[in-house]
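Have a look at the structure below, then the notes.
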Amino acid sequence: MTWAFNGCSFVENSHLELENQQWQTRYWPKLIAEHYHQEFVNLAASGASNSRIFRTSIDYIYAHNPEVMI
């Protein structure tokens with residue numbers, strides 16, 4: 001099953017691109033999913049409002065039924 005992450009830039013972690021060349025291997029949704037040997041999808045977007053986070057989370061849950069939604 002897939003774990004899904006959603007949120008704003010803190011979940012997307014786009015800021016890490018400016019801080020580190022290996023940012024794609026260090027952002028926390030990936031680290032958590034790898035620790036538990038799970039596939040994951042990151043729905044987060046920089047500047048996302050609470051409404052967008054809620055709406056896209058509900059849409060994803062209904063369409064894909066993830067085991068975990070964070």
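Quick look at the numbers
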| quantity | calculated |
| --- | --- |
| Residue tally, condition within 10 Å of residue 4 (Cα to Cα) and either of a type in the set (Phe, Trp, Tyr) or free of Cβ contacts under 8 Å to residues at least 60 places away in the same chain (or both), over the stretch 39-64 | 9 |
| Failed item in (1) open to solvent by 40 Å² or more (accessible area, probe 1.4 Å); (2) at pLDDT below 90, with residue 16 passing the rest | (1) |
| The stretch 25-70, residues that are of a type in the set (Lys, Arg) and surrounded by 14 or more Cβ atoms within 10 Å (Cβ to Cβ) | 30, 52 |
| Yes/no for residue 10 being at pLDDT 95 or above, part of a helix (DSSP H, G or I) and of a type outside the set (S, T, N, Q) | no |
| Top-ranked residue of the stretch 33-70 - restricted to ones that are assigned to a strand (DSSP E or B) and not aliphatic (A, V, I, L, M), ranked as nearest to residue 11 (Cα to Cα) | 42 |
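The values are calculated or read from the model by the stated rules, or taken from the named source; none is laboratory data. All figures in this text were calculated on a predicted structure; none of them were measured in a lab. A quick note on method: Cβ atoms are made from the backbone with ideal geometry, for glycine too, and the neighbour counts reach across all protein chains shown. Note: areas computed on protein heavy atoms with side chains; ligands, DNA, RNA excluded. Shrake-Rupley method; radii C 1.70, N 1.55, O 1.52, S 1.80 Å.
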